[in-house]
């Protein structure tokens, strides 16, 4: 099994949890980033730094991840692309992106973007709580 992580957007705590689990279960973790990252020094972890550019890491994940693998990231449009390809997709809090919830998640993302642009909403997600970490 292989787990892909969008290393630019995934919180360090989530990456660390996945690596710890990978060591126990002996699977490969591939960190994909648009900028240099510190790679954990374990043989099961690989770091791929893609050329910088808009959505370069997203494009790499869509091109290389295959059904049966897991991708962890925060980007809802990326989720839509991966789910359509049949790849299992989770956000860093452990919530699954699926064909059943993609329309709703894309709609919520658009609504939040529109509200932020109008100055009616600010900030991003709250930091993960203990329940989020357990999930």
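What follows is calculated from the coordinates using simple rules that are stated; it is not laboratory data. Everything numeric here is computed off the predicted structure, so don't read it as measured data. As a convention, Cβ positions derive from the backbone with ideal geometry for all residues, glycine included, and neighbour counts pool all protein chains shown.
Remark: relative contact order (region 55-98) = 35 percent; criterion is Cα-Cα distance under 8 angstrom and separation of 6 or more residues. Within region 14-97, antiparallel bridges make up roughly 20 percent of the DSSP beta bridges whose residues both belong there. For region 59-82, the residues whose backbone nitrogen is under 14 Å from a point 7 Å from the Cα of residue 48, taken along Cα to Cβ, are 59-67, 69-72. The length gained on full extension between residue 27 and residue 84, counted as 0.36 nm times the residue separation minus their Cα-Cα distance, comes to 18.1 nm.
Normalised by 2.2 N^0.38 Å, with N the number of residues, the alpha-carbon radius of gyration of region 2-98 equals 0.98.
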